[in-house]
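Handing you a structure now.
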Amino acid sequence: MIDLFAKPLGVLLKFVYDMLVSFGLDFKILSAYSLAVIITTILFKLILLPLTLKQSKSMKNMQEIQPKLQELQKKYKNDPQTLNQKTLELYKEHNVSPFGGCFPLLIQFPIIIAYFRVMQFPVPYVFSDQSVYDSISRSFLWIKDIGLAPGAMVDGVMNGVGIAGFNIPILAILAAITTYLSSKMIASAQPVQDGQAQSTQATMNIIMPLFILWIGSKYAAGLTLYWTISNIFQIVQQYFTNRSLGKIKEELK
C-alpha cells in the first residue's frame with residue numbers, strides 16, 4: 001500500500017535531483033539532494049492544493065452557517081433527536097459536510113508515511129544501488145547528511161550542531177515551531193467549539209509539536225526537512241485562507 005506512494009515519490013525525487021545536478025546546482029553546503037527534497041515537497045503540496053482548497057471551502061461554508069447552527073442549538077437544546085435532524089437538514093440545505101475538512105488530511109497521511117519510507121530507504125526508491133547513494137553529497141547547510149539523524153556521527157563529527165558533545169536538533173526545533181504555528185492558524189479558522197473541544201485542541205497543539213521535535217531528533221533529517229518545508233507552505237496558504245474567513249466573520253456580525 002505504502003509503495004503506491006513511495007515509488008512514484010522516489011522517481012520524482014530522482015528526476016528532480018538529476019535535473020539539479022545537470023544544472024550544476026550541487027554545492028558543498030547545499031547539496032542537490034537536499035534541494036531535491038525541498039522542491040519535491042513543494043511539488044507534492046501543489047498537487048494536494050485542490051484538496052486543501054476544498055478543505056478551506058468547507059471551513060468557509062461552516063463559518064457561514066454558524067449563526068443558524070447556534071440558533072438550532074438554543075432552540076432544541078432539550079431535544080437532541082430533533083436537533084440532530086434539524087442540523088442535518090441545515091447541512092443538506094447549504095451543501096455542507098461537517099467532515100469535509102477531514103478528507104484532505106486523511107489523504108496526506110499515507111504520503112507522509114511514504115516520504116518517511118523514502119528517506120529511510122533511499123536506495124531502493126530513489127537510487128539504483130548503494131554505491132550511487134554513497135557517492136553523492138547529502139549536505140544541507142549545517143547538516144552534513146540529511147539521510148542520517150542529527151545526532152549521528154559523520155567522519156567523526158556530529159551530523160548536526162553540537163555543543164559540549166550534546167546534539168542541538170535545530171531543524172527538529174524549526175519543525176516543532178512551524179507545526180505549532182500551523183496548528184494554531186488552522187484552529188483559528190475552525191468554527192467555534194465547546195469548552196471540551198477547545199481544551200482538546202489546545203492540548204493537541206502542544207503535544208503534536210513535542211512529538212515532531214522528538215521524531216526530528218531521532219530520525220533522518222531529510223524527513224524533518226520535508227515536514228518543515230511542508231509546514232511553511234501550509235502557514236502561507238493558511239494565512240490567505242484565514243484572511244478570507246476573517247472577511248466572512250465580519251460580514252456575519
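Determine, yes or no, whether Asp155 is among the acidic types (Asp, Glu), on the phi > 0 side of the Ramachandran plot and free of Cβ contacts under 8 Å to residues at least 40 places away in the same chain.
yes
Please specify each residue of region 218-235 satisfying the condition of being within 17 Å of Met208 (Cβ to Cβ) and either open to solvent by 40 Å² or more (accessible area, probe 1.4 Å) or not hydrophobic (A, V, I, L, M, F, W, C) (or both).
Of everything in region 218-235, those that are within 17 Å of Met208 (Cβ to Cβ) and either open to solvent by 40 Å² or more (accessible area, probe 1.4 Å) or not hydrophobic (A, V, I, L, M, F, W, C) (or both) turn out to be Lys218, Tyr219, Thr224, Tyr226, Trp227, Thr228, Ser230, Asn231, Ile232, Gln234.
State the number of residues belonging to region 139-156 that are open to solvent by 70 Å² or more (accessible area, probe 1.4 Å) and within 11 Å of Ala220 (Cα to Cα).
Total satisfying the criteria: 0.
Across region 111-151, what is the number of residues that are outside any strand (DSSP E or B) and among the basic types (Lys, Arg)?
Let us first name the residues in region 111-151 that are outside any strand (DSSP E or B), namely 111-137, 139, 141-142, 144, 146-151.
Remaining after also requiring among the basic types (Lys, Arg): 117, 144.
Matching residues across region 111-151 total 2.
The values are calculated or read from the model by the stated rules, or taken from the named source; none is laboratory data. What you see is a predicted model, and the numbers here were worked out from it, not measured in a lab. Note that we place each Cβ from the backbone using ideal geometry, even for glycine, and neighbour counts take in every protein chain shown. Just so you know, the surface numbers come from the protein's heavy atoms only, side chains and all, with ligands and any DNA or RNA stripped out. Shrake-Rupley method; radii C 1.70, N 1.55, O 1.52, S 1.80 Å.
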